[in-house]
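The values are calculated or read from the model by the stated rules, or taken from the named source; none is laboratory data. Worth saying up front: this structure is predicted, and the values here are computed from it rather than measured. Virtual Cβ from ideal backbone geometry, glycine too; neighbours counted across all protein chains shown. Please note that ligands, DNA and RNA were not included when accessible areas were found on the heavy atoms of the full protein model with its side chains. Shrake-Rupley method; radii C 1.70, N 1.55, O 1.52, S 1.80 Å.
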Amino acid sequence: MVNYPKKKTMHCPSAQCNAHKTFKVVHYKAGKARKYAQGKRRYDRKQEGYGGQTKPIFHKKAKTTKKIVLKLQCSACKHVVQNVLKRAKHFELNDKKKVNNKDPTW
């Protein structure tokens, strides 16, 4: 499980800032597929009429996790940077760090 802060201080590469600023961290999510993209139009045209499924549908999924992609936005100039982390099954954005209490409480 990966815990990550909601705000991070790092260098802003934009021409406006070019300095260390705080960045707002958001988990990246893919946008909605466009209805009239060339590949979608071609696929729909091929699927028309009789003949069943024309293109292969992938079933042999091997990966159990996805890579974590973060979208970081500069608080000053709103410049957006994407950052890729390693693979993990669970990902959380937290405000504060988790405190581990070593001594038992019995």
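So which residues in region 63-83 are free of Cβ contacts under 8 Å to residues at least 40 places away in the same chain and open to solvent by less than 90 Å² (accessible area, probe 1.4 Å), if there are any at all?
Step one: filter region 63-83 for residues free of Cβ contacts under 8 Å to residues at least 40 places away in the same chain, giving 63-67, 78, 80, 83.
If the condition is that a residue be free of Cβ contacts under 8 Å to residues at least 40 places away in the same chain and open to solvent by less than 90 Å² (accessible area, probe 1.4 Å), then Thr65, Val80, Asn83 are the ones that fit.
When residues of region 8-34 are filtered for being in a strand (DSSP E or B), touching a residue at least 40 places away in the same chain (Cβ under 8 Å) and not polar (S, T, N, Q), how many remain?
Total meeting the criteria: 8.
Would you pick out the residues in region 35-53 that are surrounded by 10 or more Cβ atoms within 10 Å (Cβ to Cβ) and not in a helix (DSSP H, G or I)?
Within region 35-53, just Ala37 meets the criteria.
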